[in-house]
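A.B. asks: One structure coming up, written as structure tokens, with questions to follow.
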Amino acid sequence: MEKRPGRLLLLSDLSVRNTAYEVSLSRSLLTWKKRLPSPVYHPFKPSMCRSVTVSEIICVREEEEENSSRDEGSWRKIREGHGRDCRQAFTVSYVERGRNHRWRCAEVTFVCPDAVLCQRWVQCIREQLAALGCRPKHLLVYINPVGGKKRGKRIYEQKVAPLFARAGITTHVIVTEYANHARDHLRTDAELKQFDGVVCVGGDGMFSEIIHGLIWRTQMDSAVNPNSPEEALQACPLRIGIIPAGSTDCICFATVGANDPVTSALHIIVGDSQPMDVCSVHHNNTLLRYSVSLLGYGFFGDVLSDSERKRWMGPARYDFSGLKMFLTHHYYEGAVAYLPAKGIMGTPRDKTRCRTGCVVCEHNGKVFTEKGEKYKSAESFDAEGEEEWQSVRGKFLAINAASMSCACPRTPKGLSPAAHLADGTTDLIVVRKCSRFNFLRHLIRHTSKDDQFDLGFVEVHRVNRFRFLPRQCQSDSDLNLRDAHKRQIFGPLCRDHPACSCGPHYSSWNCDGEVLKHAAIDVRVHCQLIKLFARGIEETTVFEEVTNPCAI
Ligand SMILES: CCCCCCCCCCCCC/C=C/[C@@H](O)[C@H](COP(=O)(O)O)NC(C)=O
Ligand SMILES: Nc1ncnc2c1ncn2[C@@H]1O[C@H](COP(=O)(O)OP(=O)(O)O)[C@@H](O)[C@H]1O
Ligand SMILES: [Ca+2]
């Protein structure tokens, strides 16, 4: 055996499936190269060399004879000469990338010439894994047993729990008994200090419960008032993992690239971290809810309210209500005011896409952290002349704010394909009243290559903040939002207007799949307020490099 301190930690001749391999371990890579009978140059044999990054090794275990079904042939033969207690083989479980951003747990068993060497390898790999530091050890898991197709519990037990156990992760599992069970438990009861993260088994609605609990708890612990839109919120320290078991699962899809429980479990195990923006939604200086994906008034609000009555249909309720609402073709009057994001990289219509290691998120994240202190109130912006409210008013079919792409299997490119997960902005999409035919063109473009914003009746703005007032709530004066803010027009008018939340001329807001009670809202984006066990969607080039780093 040869050891090269500094670069390689271990280098040995081991066998895999009865074939000799040169196996090496450095701090970052485990590599196994087939030993060639003669040193002949084979330019096109990628299978001769495999490599896996240490950060993507799930676990390593010494093989017991009973467990060695995979490598049976070679294993039994070697065993015969050594007696029962002598362990000479070890198995490494690692992440293997499949199609469409799916990850699988692959295994390779290395047979060693002696037990001492085998233990050395196991110990050394374990040391490297322990040194990674970002991996969770103890997780708090909430399962929604009634989300999506009601398969949450089974998905967790069959696909996720065995992987966590294998990776040495311990869990405290709570199967929710009623809506908001998880939220309320996180708000008050959960002993969060003992956990390294929270796992949510369910859909976007269940994820929303988790962030409401966590964000609330974090603000209470740091004495921040969550009701005022002017307050900068405290970022949540715990990461959240999503095991998709809901109907739309757009947050999982947009942060991992796939709706697959095993893929999500592996992202949790390897300890990925993806920061994410959160919008706080207020009405009269009272917090209504938080949103991370879609805030939609008009079409998406109506689809949601209608589909809530059809929960028994499962995920298909959205298709049914979608068609119904398209045919109904309701429009709503009102005014939207917004603060365009300044000093940022990217626009809602550029060709960049938020992917793993996104430079736009990194750049804009810094801009907003630096601005953080200054961003205490919209008025301070006004005073400095740095930011100016703009407004749009009229008749709308839909007003959507997408804080992330909102990609999901229904629309793989998303409601706003160029939106970013962690850039401190949301894309405000305004669809003005138009014919059914034109609205259909806009909707269909969500599923094709064509730009859904390249239509005369659609506008899109990248914003830090926005407000909406339905028509009946407006004052007679022109809706100059800067003045409106200073005179606090919104508050008193809405308070005096009971119709504000229930009139027939109102739609309702779809806030990450929950219906909001008020139509008049004030929304602020909080840059990178939460973190997920994810890494964003990987580029295909990254995928190729990582799977086969030593192919010639
Ligand atoms: C004719 C072609 C029409 C294509 C239109 C594209 C519509 C795509 C719908 C995308 C919705 C993405 C935003 C996600 C919202 C979820 O929070 C919410 C709730 O999801 P959940 O039930 O908790 O999984 N789902 C819906 C449909 O409002
Ligand atoms: N045990 C439970 N019983 C009833 N409702 C629940 C329970 N646990 C969670 N919920 C609620 O179910 C709703 C839908 O959950 P979600 O997991 O998002 O599924 P879906 O994607 O099908 O909407 C959420 O609003 C959540 O608050
Ligand atoms: Ca964003």
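Since every read-out is calculated from the coordinates, none of them should be taken as a lab result. None of these values were measured; they are calculated from a predicted model. No Cβ is skipped: glycine too gets one built from the backbone with ideal geometry, and neighbour counts run over all protein chains shown.
A.B. asks: Exactly which trypsin sites (Lys or Arg not before Pro) in segment 254-355 are in a DSSP loop and have at most 15 other Cβ atoms within 10 Å? Please report the intermediate quantities before stating the final value.
C.D. replies: Working: sites: 289, 309, 310, 311, 317, 324, 342, 349, 351, 353, 355; in loops: 309, 310, 342, 349, 351, 353, 355.
Of the trypsin sites (Lys or Arg not before Pro), the ones in loops of segment 254-355 whose Cβ has at most 15 other Cβ atoms within 10 Å are 309, 310, 342, 349, 351.
A.B. asks: Listed highest first by mean packing, meaning other Cβ atoms within 10 Å per residue, what order do 518-529, 418-429 come in?
C.D. replies: Working: 518-529: 24.1, 418-429: 26.9.
Listed from highest to lowest mean packing, they are 418-429, 518-529.
A.B. asks: So, one more: Counting other Cβ atoms within 10 Å, keep those with at most 14, restrict to DSSP loop, and tell me which trypsin sites (Lys or Arg not before Pro) in segment 398-464 are left.
C.D. replies: On the way: sites: 410, 413, 432, 433, 436, 441, 445, 449, 462; in loops: 410, 413, 433, 449.
Passing sites in segment 398-464 are 449.
A.B. asks: Also: Over all distinct alpha-carbon pairs, what is the Kirkwood Rh of segment 168-326 in angstrom?
C.D. replies: On the way: mean 1/r = 0.0585 Å⁻¹.
After inverting the pairwise mean of 1/r, the radius is 17.1 Å.
A.B. asks: Indicate the gyration tensor shape class of segment 150-219 (rounded, prolate or oblate), computed on the Cα atoms with a ≥ b ≥ c the square roots of the eigenvalues: a/c under 1.5 is rounded; otherwise a/b larger than b/c is prolate and the rest oblate.
C.D. replies: Values: a/c = 2.27, a/b = 1.33, b/c = 1.70.
Oblate, since a/c reaches 1.5 and b/c is not below a/b.
A.B. asks: Here's something else I'd like to know. Using the structure shown, select from 149/517; 324/517; 159/193; 137/351; 324/395; 310/517 the pairs with a Cα to Cα distance greater than 30 angstrom.
C.D. replies: On the way: 149/517 27 Å; 324/517 22 Å; 159/193 27 Å; 137/351 39 Å; 324/395 20 Å; 310/517 19 Å.
Listed pairs above 30 Å: 137/351.
A.B. asks: What is the local net charge at residue 457, summed over the other residues whose Cβ is closer than 14 Å to its Cβ (Lys, Arg +1; Asp, Glu -1)?
C.D. replies: Working: positive: 395, 432, 433, 436, 441, 445; negative: 451, 454, 459.
Value of the local net charge: +3.
A.B. asks: Testing the spin-label approximation: label points 7 Å from Cα along Cα→Cβ at residue 28 and residue 232. State their distance in nm.
C.D. replies: 3.4 nm
A.B. asks: Let me ask another. Quick one: net charge of residue 144's neighbours, Cβ under 13 Å, K/R +1, D/E -1?
C.D. replies: Charge balance in the 13 Å sphere: +3.
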